[in-house]
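Here the structure is laid out as structure tokens; the discussion comes afterwards.
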Amino acid sequence: MTPSVRSRRATRPPAAQLVVGVGAGSGVTVDEVLELVSCVLREAGLPARCVVELATVDAKADEPGIVGAAARLSVPVRAYRADELAAVAVPNPSDASLSATGTPSVAEAAALVGAEELLVPKRKSSPRGRVGKVTCAVARRAPHAHPDPTVAWNPVPGT
């Protein structure tokens, strides 16, 4: 007996929950963050609707470009302490990140906290005529992962 369309949908696994880790320089714009995130998701064939949060280091959690991008994506910003991020093994550590933030990775490490796999390693923005100010990485959240109430959490404004 062939299962009905309805029963096939009922057994389909839930959509992936994607976490986008974001590292940014001071003064990064919302547009630069969104352009990089959108490009990375599109090139990886990942739906933007599956992004559940932007994650970053606590020192950058109030950066207007990150906060504004999260608001436009209708997701919260999740912040981690530099020492928490430094404890996460990443494929592409950076001396520049270490000297600027106290952790060898922001984007990859923030994406990987509570995730089951890194889907897209860090990528840096490349706006015309200047050095990029944002880096992002994408990870799939583990199905059982729940937000840690001890971590700073900036919910989407107006929700």
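Bear in mind that the values in this text are calculations on the coordinates, not laboratory data. Quick caveat, the model's predicted, so the values are computed rather than measured. Neighbour counts run over all protein chains shown; Cβ positions are idealised from the backbone, glycine included.
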Once you have the Cα-Cα distance between Glu117 and Val131, take 0.36 nm times their residue separation minus that, and quote the gain in nm to one decimal. 2.1 nm
Test of understanding: what is the full-extension gain from Ser99 to Ser74, defined as 0.36 nm times their sequence separation minus their Cα-Cα distance? 5.9 nm
Return the equivalent ellipsoid semi-axes of segment 67-117 as a descending list in whole Å, where each equals the square root of 5 times an eigenvalue of the C-alpha gyration tensor. 21, 13, 9
Under the Karplus curve 6.51 cos²θ - 1.76 cosθ + 1.60, θ = phi - 60°, whole-Hz ³J(HN,Hα) for segment 35-52, x wherever Gly or Pro sits: 4, 5, 4, 4, 5, 4, 4, 4, 5, 8, x, 9, x, 4, 5, 8, 6, 9
Set the Förster radius R0 to 30 Å, insert the Cβ-Cβ distance between Glu43 and Arg81 as r into 1/(1 + (r/R0)^6), and round the FRET efficiency to 0.05. 0.45
Inter-part gap, Cα centre of segment 19-36 to Cα centre of segment 56-80, in whole angstrom, is 9
Going 7 Å from the Cα of Ser26 along its beta-carbon direction, which residues of segment 83-114 have the amide nitrogen within less than 17 Å of the resulting point? 97-102
